Every structure is written in C-alpha cells, then in structure tokens.
Amino acid sequence: MNDGRRLREEVERDARRLDEARRKRSVLAQARFLGTLGLVMVLPMVAGAYLGRWLDERLPGYSQSWTLSLLLLGVLVGAINVYLMLRD
C-alpha cells in the first residue's frame, strides 16, 4: 500500500510541475512566438507587393493598381494568418 501512495504522490508532483511549466513561458519562447507572428503577417504583404510590382511592369497602362491591390490582399491574408495562429 505504501508503494501505491508514493506512486500517486510522484504523479501528482509531476503533474503540478508540468502545469507550472506550461503556465510559465521563457523569454526565448515568447520571442520566438512573436517573431513567428511577425513573419506570418509580413511575408504575404511583401509577396503581394513584389508580385504586384512585377505585374505592373509587365502590363502597360495599369500604373500602380496591381501593386496596391495585391498589397492589400497581402495585408488581409496576413491578418487572417495571425488570427488563426492566435486562436490556436
């Protein structure tokens, strides 16, 4: 009976330590998360701007319309990505 009680105490102690570790995030883990959020937001915007610029150069008469349209689309896609990441 002593072994069963000791095992239960060890499991409870390990569960408390695991819960405490989940609640406390290290500074490095927080920085990694924020960096990932930044990339998830910025990459679609940059890709949209570059693709729009390339299309504007290829198609005469459109001036900056592709660049602005795809940049705004990139902002929308980036915002959706950040929302989905934070929701999880």
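Looking at D14, D3, which one is surrounded by 10 or more Cβ atoms within 10 Å (Cβ to Cβ) and over 28 Å from the mean Cα position of the chain (by Cα)?
D14
Being surrounded by 13 or more Cβ atoms within 10 Å (Cβ to Cβ) and touching an Asp or Glu at 6+ places or on another chain (Cβ under 8 Å) is the filter here, so list the residues in the stretch 61-88 that pass it.
Y62, S65, W66, T67
Mind checking whether some residue in the stretch 19-33 is surrounded by 14 or more Cβ atoms within 10 Å (Cβ to Cβ) and hydrophobic (A, V, I, L, M, F, W, C)?
Among the residues of the stretch 19-33, not one is surrounded by 14 or more Cβ atoms within 10 Å (Cβ to Cβ) and hydrophobic (A, V, I, L, M, F, W, C), which makes the answer no.
Name the pairs: first residue in the stretch 1-19 and touching a residue at least 24 places away in the same chain (Cβ under 8 Å), second residue of a type in the set (G, A, S) and assigned to a helix (DSSP H, G or I), Cβ to Cβ under 7 Å, at least 6 apart or on different chains?
From residues that are touching a residue at least 24 places away in the same chain (Cβ under 8 Å), there are no pairs.
Could we say that Y62 is among the aromatic types (F, W, Y) and modelled with pLDDT under 90 here?
Judged against the criteria, Y62 is a match.
Which residue pairs have Cβ atoms closer than 7 Å, lie 6 or more positions apart in sequence or on different chains, and pair a first residue in the stretch 51-72 that is within 22 Å of M41 (Cβ to Cβ) with a second residue that is polar (S, T, N, Q) and surrounded by 14 or more Cβ atoms within 10 Å (Cβ to Cβ)?
As it stands, the answer is G52/T67; G52/S69; R53/T67, since those pairs meet every condition given.
Is it the case that the stretch 19-37 has a residue that's within 19 Å of the chain's Cα centre (by Cα), on the phi < 0 side of the Ramachandran plot, among the polar types (S, T, N, Q) and at pLDDT below 90?
yes
Could you check, for the stretch 74-87, whether at least one of its residues is more than 24 Å from the chain's Cα centre (by Cα) and under 30 Å from F33 (Cα atoms)?
Within the stretch 74-87, none of the residues are more than 24 Å from the chain's Cα centre (by Cα) and under 30 Å from F33 (Cα atoms).
The values are calculated or read from the model by the stated rules, or taken from the named source; none is laboratory data. Everything numeric here is computed off the predicted structure, so don't read it as measured data. Quick reminder, even Gly has a Cβ in these numbers, built from the backbone with ideal geometry, and neighbours come from all protein chains shown.
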